[in-house]
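Reviewing the structure listed below.
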Amino acid sequence: MEFGKYDVVIAGAGMVGAAIGCALGRAGMRVALIDPAIPEPFVVDSAPDIRVSALSPASVSFLQQLGAWSYIEAMRLCPYRRMAVWEKLQEPLSKRQLSSRFNQTMFDCHEVGADELGFIVENRVTQLGLYEVLKTLSSVEMITPARPVDVHVSDNGVVVTLDNKQVVHGRLLIGADGANSFVRRFCGIGLSSEDYEQQALVATVEIPTGPLDITWQAFTPTGPLALLPLPACDGRNYASLVWYNHPENIKALMMLSGAEFLMEVRSHFPEELPEMLNLVERSSFPLTRRHASSYIKEGIALVGDAAHTINPLAGQGVNLGFQDASALSDIIVTAYRGDQNPGALAVLAQYEKERRPENVRMQRVMDLFYHLFSNEHLPLKIVRNIGLGLAGNFPYGRKKVMGYAMGLEKPLPWFLSK
Ligand SMILES: Cc1cc2nc3c(=O)[nH]c(=O)nc-3n(C[C@H](O)[C@H](O)[C@H](O)COP(=O)(O)OP(=O)(O)OC[C@H]3O[C@@H](n4cnc5c(N)ncnc54)[C@H](O)[C@@H]3O)c2cc1C
């Protein structure tokens, strides 16, 4: 390999960037993957990381195709087979609060003939699984710690200057560098963004028994409350708790001692949830919907959070990112094998055409959920209770929702698409 000369340069070796690196490397393309930081190695007995994602079966298939899933399985993960969804009922809809079973809806993977609805995996474990594949690919080079400081696109390709003074050449630069993408900003690609009125507090808690195989989500007027299963480690059981609320309430919750925080959890979360013994770690995240005005420019493509971020209430962000990675790598490899320039605008236009409508639809669906459920307007409460009741009582409705959560259905109510 000529040093510094690549087919594709990828800025960002997070879950999405590393996945594209694997896909292109497996097709024999010469790839440079640049990241300012690499994840810490996996330690078997450590408590689970705070950053986890619900990976859909569609994402799992993609990771299997890339060869990363066996490494991820060998580290740790937690399958979930059921999803319980509640709405917090108040007078006049119910005299009891969250303990009411009136509108609880249970989704079970066996109804759709699947072994699981998905897997909860620590983001670092997914990334490390992909890195194991990258290590086996001789045409992929990791350049780290480094970050791009300059990008120049010409007819001869893309020249990327790094902060360690190294200069790398490629025919295409992929921005997989997350929500605050340098590539997007430096290349002058516009962004529409809007902060949600809620933030997310994520906490790892120790629970007495497990591992669980169910996710719980309760909708309240101030935002959803969720509990996700985590793998058992060193004989202890864990779960990941997510509390969406107004930023000032999240700030107050972050300032409580561990014991005070768990008392607040007990008084707000459904009583059906397992006892929470101990707070291991917590962190808060602002929630912003972002969408790049374009995913492409001559010699440039954006993927994953660099291109779009959505409300994480249904855990779809990285699942969309993996779909971007799958679509873009397909298009690039086809161009490469057909002796076309993978950075040509005409080639990249296919990627934008394929992915933008899907990502827009998912953003709209998440916003619909957000507005529908974070609202005390009585007619809306009645509508969503009827909706949950219908979804819960009719096998067709339940199957539709599960197919959607598993990434097997088009992410759409048709009326949300143009
Ligand atoms: C609270 C919360 C819960 C979530 N839960 C889920 C879930 O259950 N399921 C789900 O699908 N999604 C979930 N998401 C979304 C998911 O975490 C993101 O969509 C996903 O991490 C995006 O991956 P990415 O690789 O595009 O970006 P990132 O994970 O942000 O990775 C970007 C990479 O780029 C590197 N980088 C940064 N700056 C530069 C630079 N200048 N140059 C080069 N490299 C750079 C970083 O070091 C990093 O390695 C959640 C998000 C939040 C906030």
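Quick notes on this structure:
- Distance from the C-alpha centroid of the stretch 125-173 to that of the stretch 221-284: 38 Å, rounded to the whole angstrom.
- Net lengthening on full extension, Val149/Asn164 (0.36 nm per residue, minus Cα-Cα): 4.5 nm
- Neighbourhood net charge (12 Å Cβ-Cβ; Lys/Arg +1, Asp/Glu -1) for Gly14: -1
- From the Kirkwood radius over Cα pairs of the stretch 255-338, Stokes-Einstein at 37 °C and 0.692 mPa s returns a whole-number translational diffusion coefficient of 197 µm²/s.
- The Cα-based radius of gyration of the stretch 1-85, divided by its Kirkwood radius, gives an Rg/Rh of 1.03.
- The stretch 290-344 - Debye-derived log10 I(q)/I(0), Cα point model, q = 0.29 Å⁻¹: -1.14
- Computed over the alpha-carbon atoms, the stretch 118-169 gives an Rg to Rh ratio of 1.13, Rh here being the Kirkwood radius from the mean inverse distance.
- Efficiency of FRET between Leu277 and Asn156 - r from beta-carbon atoms, R0 60 angstrom, step 0.05: 0.50
- Neighbourhood charge, 10 Å Cβ-Cβ cut-off, centred on Arg236 and excluding it, Lys, Arg +1 and Asp, Glu -1: -3
- Using only alpha-carbon positions in the stretch 168-306, the gyration tensor eigenvalues give semi-axes of 37, 19, 13 Å once each is multiplied by 5 and square-rooted (largest first).
- Total formal charge among the other residues, if their Cβ is under 11 angstrom from that of Arg289, Lys/Arg +1 and Asp/Glu -1: -1
- Peptide packing for 39-47, 230-238 was compared via the average number of neighbouring C-beta atoms within 10 Å per residue; ordered from the highest value, the list is 230-238, 39-47.
- Seen from every direction in turn and averaged, the convex hull around the alpha carbons of the stretch 108-201 projects onto 11.1 nm².
- Peptides 357-363, 285-291 ranked from most to least packed, by the mean per-residue count of other Cβ atoms within 10 Å: 357-363, 285-291.
Just so you know, all these numbers are worked out from the coordinates, no wet-lab data involved. As the structure is a computational prediction, the values presented were derived from the model and not from experiment. FYI the Cβ positions are ideal-geometry reconstructions off the backbone, even for glycines, and counts take in every protein chain you see.
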